[in-house]
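Here the structure is laid out as structure tokens; the discussion comes afterwards.
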Amino acid sequence: MRGDNIHYLSREQLEQIADGVIHQYKAAVVPEQHLCYNVDPTELASLLGYTVDYQYLTKDGSVLGKTASGRMWITVFDSDKTEMLYELDDRTILIEKRLLFSPRNVGRKNFTIAHELAHQIINRNLPEQYGVECRVFCDYRRSVKPRKKVVDWHEWQADALAASLLLPKDAVTDAMFMFGLGEKLKVLSRKYSQYKYECFCNMADYLQVSRTALAYRMERLGLLERNLLVEEALKRKGVA
């Protein structure tokens with residue numbers, strides 16, 4: 001709860017919600033005898049009654065995902081960048097179509113789906129706040145940069161819940177064992193620990209998430225002591 005009289009879910013509450021959702025997912029999708037599993041966000045959305053659709057959401061690709069708390073008309077674009085009207089409802093998750101074009105975008109695509117699905121799950125848990133007026137939730141394209149102070153708590157909640165849905169703790173710990181990273185990783189670095197970094201990259205590919213998302217989640221779960229990936233990426237880009 002924050003001082004603006006709007007209730008926001010804590011990280012612990014979001015983890016509890018994710019645990020319940022993933023319990024349903026595992027019961028429906030994951031074989032009982034499994035070495036490790038990953039979460040397919042499209043499959044998870046379908047299980048919860050949501051449809052994932054792909055459209056060109058903007059002319060420049062700056063918006064990666066959209067969903068709404070009610071039925072409304074929004075603008076999308078065809079392949080020639082001509083505007084079209086699209087009837088968006090609270091059971092549809094729209095994803096930028098460009099994310100389908102390259103295997104390198106799989107992690108970003110999956111996180112965007114999970115992010116928009118998280119908005120809907122939060123809406124379902126806080127209907128008194130989201131059911132009053134119809135609104136659209138947008139997920140914008142992001143870049144590698146240092147984490148800043150939270151300025152949009154709705155988006156923070158969606159990000160936190162999306163990470164918990166995509167990367168449940170048991171899936172991450174099992175994958176760490178399977179890819180030879182042990183129970184805990186002291187440092188993650190392309191420069192100083194090349195073998196561990198390659199194992200980590202293979203793990204991210206298996207879990208179908210971006211390396212950045214996986215590293216942050218491992219930190220949050222206490223499975224990674226020091227993450228140097230963002231710092232090293234910024235140095236490569238010449239950012240002080």
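The values are calculated or read from the model by the stated rules, or taken from the named source; none is laboratory data. Here the structure is a predicted model, which means the values were calculated and not measured. Because the Cβ atoms are built from the backbone with ideal geometry, glycine has one as well, and the counts that use them run over all protein chains shown. To get the accessible areas, we keep the full protein, side chains included, count just its heavy atoms, and leave off ligands, DNA and RNA. Shrake-Rupley method; radii C 1.70, N 1.55, O 1.52, S 1.80 Å.
Counting charges near Val39 (Lys, Arg +1; Asp, Glu -1) among other residues having Cβ under 14 Å from its Cβ returns a value of -1. Taking all protein chains together and rolling a 1.4 Å probe, Phe111 ends up with roughly 40 Å² accessible. Using +1 at the Cβ of each Lys and Arg and -1 at the Cβ of each Asp and Glu in the chain, identify which of Ala114, Val29, Ser210 lies farthest towards the dipole's positive end. Going by the charge dipole, the pick is Ser210. Here is the size of region 33-124 from its Cα atoms: Rg then Dmax, 13.9, 50 Å. Put simply, the amide H of Gly70, placed in the peptide plane, has neighbours under 5 Å in Asp90, Arg135, leaving out anything fewer than 5 places away on its chain.
Applying the criteria of a DSSP loop state and at most 10 other Cβ atoms within 10 Å to the GluC sites (Glu not before Pro) of region 23-91 yields Glu32.
Protein heavy-atom accessible surface, 1.4 Å probe, per residue over region 1-92: 57 Å². Over the chain, calculate the relative contact order: mean separation of alpha carbon pairs under 8 Å at least 6 apart, over the residue count, as a percent. The value is 21 percent.
Arranged from highest to lowest average of other beta-carbon atoms within 10 Å per residue, in what order do the peptides 214-220, 52-58 appear? List each step's numbers first, then the result.
Working: 214-220: 20.4, 52-58: 17.7.
So the order, starting with the most tightly packed, is 214-220, 52-58.
Over region 18-72, the reciprocal of the mean inverse Cα-Cα separation, the Kirkwood hydrodynamic radius, stands at 13.7 Å. Expressed as a whole percent, the accessible area of the chain that falls on carbon and sulfur atoms is 49 (1.4 Å probe).
Report, to two decimal places, the Cα Rg of the chain normalised by 2.2 N^0.38 Å (N = number of residues). Provide the component values of the computation, followed by the final result.
Values: Rg = 18.4 Å, N = 240, 2.2 N^0.38 = 17.7 Å.
Compared with the compact-globule rule of thumb, the chain sits at 1.04.
Counting only alpha carbon atoms, the long axis of helix 194-207 and the longest principal axis of the chain meet at about 30°.
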